[in-house]
Amino acid sequence: MNTPEVVIDVTGLDVWYGRRRILHDVDFRVETGEIRVIMGGSGSGKSTLLRHLLGLHRPTRGCVKVFGIDIARASRSQLQEVRKELGVSFQGGALLTSLTVGENVALPLREHTRLDENTIRIMSRLKLEVVNLGGFQDLMPSQLSGGMIKRAALARAIVMDPRLLFFDEPSAGLDPVVSAELDELILRLRDALRMTIVVVTHELESAFKIADSITVLDGGCVLMTGTVDEVRNADNARIQDLLNRRPREVTVDVDAYLRRLTEEDAG
Ligand SMILES: Nc1ncnc2c1ncn2[C@@H]1O[C@H](COP(=O)(O)OP(=O)(O)O)[C@@H](O)[C@H]1O
Ligand SMILES: [Mg+2]
């Protein structure tokens with residue numbers, strides 16, 4: 001597969017879960033070699049968007065193209081081709097506790113390649129070095145700190161040399177120093193390995209440090225996509241609320257509330 005200029009091209013994506021509309025007419029394009037941050041409050045649809053980019057769900061409406069391939073219409077073998085190029089590091093994507101760190105990192109190679117044992121060992125050690133865990137391959141996950149576990153999970157996510165890497169909340173639960181190290185690492189993956197990276201985070205400091213561009217989601221809608229400066233200076237009250245961590249003003253529309261209740265009864 002050649003790497004096109006536009007790695008991700010989402011147009012008019014609508015997602016409904018039952019009677020609830022979760023994503024509204026989302027357009028989302030990511031170019032080769034950029035770090036795109038997806039920002040937005042809890043429940044704004046960030047993870048849902050990621051799951052659609054991974055082809056884990058079919059869009060209710062709209063089109064999701066990754067590496068030029070329409071995920072909803074792809075054949076099984078096309079999907080496999082695309083997935084080979086994806087690395088995923090999700091919040092819950094912990095290591096298997098019964099395997100050593102090195103064995104954890106080697107898992108995708110064992111599952112998806114026919115490389116011999118020696119090559120697998122060398123490749124997983126190299127990836128542990130990339131995340132500054134060189135020499136840690138024989139430890140058990142329980143012997144690592146929280147930040148080291150994140151880095152080992154990252155080594156596993158990149159062990160197949162994906163061209164596109166997804167992170168969901170990489171620094172959740174980490175102290176500021178460790179999360180700053182993770183930011184450095186993400187920048188290094190873009191610069192040294194030329195990966196295209198999509199990061200979901202609500203850590204503003206981290207977002208501003210690593211992003212080439214930011215997409216702001218709110219209530220399932222894209223409020224804007226722009227550079228760090230464009231987002232910071234956006235003349236949009238909702239974005240400024242997010243940046244200043246002001247909770248959304250809660251307006252209770254009694255009529256709408258009652259209508260929803262009765263609709264749900266009917267359904
Ligand atoms: N599988 C699902 N079924 C029904 N509703 C869901 C499902 N997954 C997420 N949601 C709802 O969709 C909305 C967006 O969720 P999510 O994408 O996880 O938001 P975020 O990652 O921005 O916090 C939330 O209101 C959530 O409750
Ligand atoms: Mg989420």
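Working only within segment 113-141, note down all residues that are closer than 19 Å to S89 by Cα and among the hydroxyl-bearing types (S, T, Y).
S124, the sole residue that qualifies.
If I ask for residues that are in contact (Cβ under 8 Å) with a residue 12 or more places away in the chain, surrounded by fewer than 18 Cβ atoms within 10 Å (Cβ to Cβ) and not in a helix (DSSP H, G or I), which ones from segment 132-144 would you list?
N132, D138, L139, M140, L144
Is it true that F167 is closer than 25 Å to L49 by Cβ, of a type outside the set (D, E, K, R) and outside any helix (DSSP H, G or I)?
yes
Exactly one of these conditions fails for A157: (1) outside the structural domain of S206 (by TED's automatic domain parsing); (2) crowded, with 19+ Cβ neighbours inside 10 Å; (3) touching a helix residue (DSSP H, G or I) at 6+ places or on another chain (Cβ under 8 Å); (4) not acidic (D, E). Give me its number.
(3) is the only condition that A157 fails.
Output the residue which, of all residues in segment 188-204 that are assigned to a loop (DSSP other than H, G, I, E, B) and of a type outside the set (D, E), is farthest from ligand 2 (Cβ to nearest atom).
R194
Here are some conditions: (1) more than 15 Å from the chain's Cα centre (by Cα); (2) closer than 22 Å to L182 by Cα. F90 meets all but one. Which one does it not meet?
The single condition F90 does not satisfy is (1).
Determine which member of the set A172, A207, A157 is of a type in the set (G, A, S) and away from ligand 2 (no atom under 16 Å from the Cβ).
A157
Determine if segment 114-129 includes at least one residue that is buried (at least 21 other Cβ atoms within 10 Å of the Cβ), under 18 Å from R188 (Cβ atoms) and within 19 Å of the chain's Cα centre (by Cα).
No, that holds for no residue.
Restricting attention to segment 40-87, and to residues there that are of a type in the set (A, V, I, L, M, F, W, C) and over 30 Å from L204 (Cα atoms), which single residue is nearest to ligand 2 (Cβ to nearest atom)? Steps first, please.
Our first condition is that a residue be of a type in the set (A, V, I, L, M, F, W, C); within segment 40-87, this holds for 49-50, 53-54, 56, 63-64, 66-67, 69, 71-72, 74, 79, 82, 86.
Next, from what is left, pick out any that are over 30 Å from L204 (Cα atoms): 69, 71-72, 74, 79, 82.
On the way: I69: 25, I71: 20, A72: 22, A74: 25, L79: 23, V82: 22 Å.
Taking the candidates together, the pick is I71.
Identify the single condition in (1) within 15 Å of ligand 1 (Cβ to nearest atom); (2) modelled with pLDDT under 90 that P4 does not satisfy, given that it satisfies every other one.
The one condition P4 does not meet is (1).
State all residues of segment 9-26 that are within 16 Å of ligand 2 (Cβ to nearest atom) and among the hydroxyl-bearing types (S, T, Y); if no residue qualifies, say none.
Y17
Since S179 meets every condition but one in (1) crowded, with 17+ Cβ neighbours inside 10 Å; (2) in a helix (DSSP H, G or I); (3) not assigned by TED's automatic domain parsing to the domain that holds L204, which condition does it not meet?
For S179, the exception is condition (3).
Looking at S75, is it out of contact with any His (no Cβ under 8 Å at 6 or more places or on another chain), over 28 Å from R238 (Cβ atoms) and in contact (Cβ under 8 Å) with a residue 24 or more places away in the chain?
For S75, the condition - out of contact with any His (no Cβ under 8 Å at 6 or more places or on another chain), over 28 Å from R238 (Cβ atoms) and in contact (Cβ under 8 Å) with a residue 24 or more places away in the chain - is not met.
The values are calculated or read from the model by the stated rules, or taken from the named source; none is laboratory data. Keep in mind that this is a model prediction, so the values were computed, not measured. Because the Cβ atoms are built from the backbone with ideal geometry, glycine has one as well, and the counts that use them run over all protein chains shown.
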